[in-house]
Amino acid sequence: MSDSGAAISALSGEFIKVSSSAPHVALVELSRYWTEFGHVFDKISRDPTVRAVVLASSLPKAFSAGLDLKALGSLEAFAKEPDRHALQLRDHISSFQCCISAVERCSYPVIAAVHGIALGLSIDIICACDIRYAASDAMFSIKEVDIGLAADIGTLARLPKIAGNMSMVHELAYTARNFSAVDAEKMGLVSQVVQGSREEVVRSAVKLATAIAGKSPIAVLGTKHLLLHARDHTVQQNLDYTATWNSIMVQTADMKEALRAVKAKEKPHYPPLAKLPSKL
């Protein structure tokens, strides 16, 4: 294993494995993960050797079955002081939202490679990703209404801004019915359906991540940042912000390297991003 590969592997947690699947590509494989999910992604975001991330499951037949129902059942349904109990639950939900949003906060593009069962919390997670690929065997469900909840970790906030079919979004959220990879592609949740299961979809996602990792890291990081800004702001606000952003970023040496490589008909070689401090 190379030094960079070993460094990327060191980003792993107890239940989340991080490995280098291609140069500058981090493969994040989930099993049990909620308590460390955000921590691992925040560490990845600070690693200057990473340029793209593939998010997959280590489980052979499922991306995720969703929430741990045993943990959910341990929450008290009632309390003598519902106001204080509500504050505790709100803090718990907010912490969970922040954890899953680490995918969106990640400086680098995150590609979800979904296979098998992807229920409930799976949708929250993949909606926070930049790109979503699904294996043809993937089966999705916005499952929360079946356990008496409105989805609260990100699906209802992000999916309406992702999908091009709001009628289907409402139908799926209200009924919790299963929908296929083909349905997910049709509504715009995933951009590609890959024939096969885990191995095939991860391979396709790594191939895409490798192509992205070959681009200027300054350009890719800026593009992700500006796309997210555009999603949450008006066109003019984004244009103004982009002008300010690029007034600095167009001074990058990556532009000179890109032009040199085009003229020389060579592959460009971009320096790594500066390592961010562990604490700001």
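Some notes on this structure:
- Projected area averaged over orientations for region 108-202, convex hull of C-alpha atoms, nm²: 5.4 nm²
- Listed peptides 81-90, 54-63 by packing density, highest first (mean Cβ within 10 Å): 54-63, 81-90
- For the chain, a crude dipole built from +1 on the beta carbon of Lys and Arg and -1 on the beta carbon of Asp and Glu, taken about the Cα centre, is about 860 debye to the nearest 20.
- Spherically averaged projected area in nm², based on the convex hull that wraps the Cα atoms of region 149-275: 11.6 nm²
- Nearest-0.05 FRET efficiency for A274 and K207, computed from C-beta distance (R0 45 Å): 0.95
- Computed over region 3-214: relative contact order in percent, which uses C-alpha pairs under 8 Å that are six or more apart: 21 percent
- Stretching the chain fully between Q251 and I147 yields a gain of 32.2 nm (0.36 nm per residue, less the alpha carbon separation).
- Taking other residues whose beta carbon is less than 14 angstrom from the beta carbon of V194, and scoring Lys, Arg as +1 and Asp, Glu as -1, yields 0.
- Solvent-accessible area, 1.4 Å probe, carbon plus sulfur percent, for the chain: 60 percent
- Taking each DSSP H run with n ≥ 4 as -39500 (n - 2.57) and averaging over every residue of the chain yields -15000 deg cm²/dmol at 222 nm.
- For the chain, the longest principal axis of the alpha carbon atoms and the long axis of helix 198-213 meet at an angle near 40°.
- Every pair of different Cα atoms in region 3-214 enters the Kirkwood calculation, which places the hydrodynamic radius at 17.5 Å.
- In a reduced charge model with +1 at each Lys and Arg Cβ and -1 at each Asp and Glu Cβ, region 217-264 shows a dipole moment near 200 debye about its Cα centre.
- Stokes-Einstein D for region 217-264, Kirkwood Rh over Cα pairs, 20 °C, 1.002 mPa s (µm²/s): 183 µm²/s
- Surface accessible to a 1.4 Å probe, per residue, for the residues of the chain, Å²: 54 Å²
- Label-to-label distance, nm, for residues given as T244 and N178 (7 Å Cα→Cβ offset): 4.9 nm
- Tilt relative to the chain, helix 235-249 - C-alpha long axis, 0 to 90 degrees, to 10: 40 degrees
- Gaussian network model of the chain, springs between alpha carbon atoms under 10 Å - residue of S64, S197, S95 with greatest fluctuation: S95
The values are calculated or read from the model by the stated rules, or taken from the named source; none is laboratory data. Bear in mind the structure is a predicted one, so any value in this text is a computation, not a measurement. Methodologically, a virtual Cβ is constructed for each residue, glycine included, from the backbone with ideal geometry; neighbour enumeration extends over all protein chains shown. These accessible areas exclude ligands, DNA and RNA; they are computed on the full protein's heavy atoms, side chains included. Shrake-Rupley method; radii C 1.70, N 1.55, O 1.52, S 1.80 Å.
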